[in-house]
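The values are calculated or read from the model by the stated rules, or taken from the named source; none is laboratory data. Please read all numbers here as calculations on a predicted model, not as lab measurements. All Cβ positions, even for glycine, are placed from backbone atoms using ideal geometry, and neighbour counts span all protein chains on display. Ligands, DNA and RNA are stripped out before the accessible areas are found, and what is left, the full protein with its side chains, is counted by its heavy atoms. Shrake-Rupley method; radii C 1.70, N 1.55, O 1.52, S 1.80 Å.
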Amino acid sequence: LCSHYVQRSLSYRAILFSMISLIFICLGSFIVTQDIAKIVKFCLIMTFSSVIGMQFSFMLLKDIRQQKMEVLTYQGQAQRDSLTSLLNRRMFDQVMQSIDLSKKHTVLMLMDVDHFKRVNDNYGHDAGDKVLKDIAHILDSYTAYGRKIFRIGGEEFASILTDCPVPLAKKIAEEI
């Protein structure tokens, strides 16, 4: 009931739930024993135990949340190329293995930047990296539902277009 009707933070609701629980436990023990001195002592022990237990629970919850965020971050990094932020070769291989070949309108588009070595040789690797980032941005602008762009090697890119008729895929390829 606390979680459902009280629209506050999780910690606020947990503290409220603990306080309500302690009140019911203390009232129940009063009804059973009728001894005020024992009830006061019991309620103090229960309150102290509850506070310590909540502190440990919050610490554990915070740690679990932080680890979950780190796992999600590492998963994202493992799936993306660090330079271009496009999906990487590992993801390309996974997607290629999972493609349903019986499905119509699935197009694989492979792209290679011609004479890219000249860019690196003439202008340096920083310029080459800038070119790759710009190409990735252009390719990413053609990403829509059912389309994935990958950097599968140095200057090699791929796109998997699902639910994409061949004439539309040709048009996309020509625009790129």
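So the values come out like this:
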| quantity | calculated |
| --- | --- |
| Tally of residues being farther than 14 Å from R89 by Cα and either assigned to a loop (DSSP other than H, G, I, E, B) or over 25 Å from the mean Cα position of the chain (by Cα) (or both) across segment 116-157 | 25 |
| So Y123, is it open to solvent by 30 Å² or more (accessible area, probe 1.4 Å), among the aromatic types (F, W, Y) and modelled with pLDDT under 85 | no |
| Residues located in segment 121-176, provided they are in contact (Cβ under 8 Å) with a residue 24 or more places away in the chain and of a type in the set (S, T, N, Q) | S159, T162 |
| Residue list for segment 133-161, restricted to those being of a type in the set (G, A, S) and surrounded by 14 or more Cβ atoms within 10 Å (Cβ to Cβ) | A136, A158, S159 |
| Residues of segment 136-172 satisfying the condition of being among the small types (G, A, S) and under 19 Å from H115 (Cα atoms) | A136, G153, G154, A158 |
| Residue within segment 75-97 that is in contact with a strand residue (DSSP E or B) (Cβ under 8 Å, 6 or more places away or on another chain), open to solvent by 100 Å² or more (accessible area, probe 1.4 Å), under 30 Å from A173 (Cα atoms) and without any contact (Cβ under 8 Å) to a residue 12 or more places away in the chain present | yes |
| 2 or more residues aliphatic (A, V, I, L, M): qualifying helices (runs of 4 or more DSSP H) within segment 1-115 | 10-33, 36-79, 89-98 |
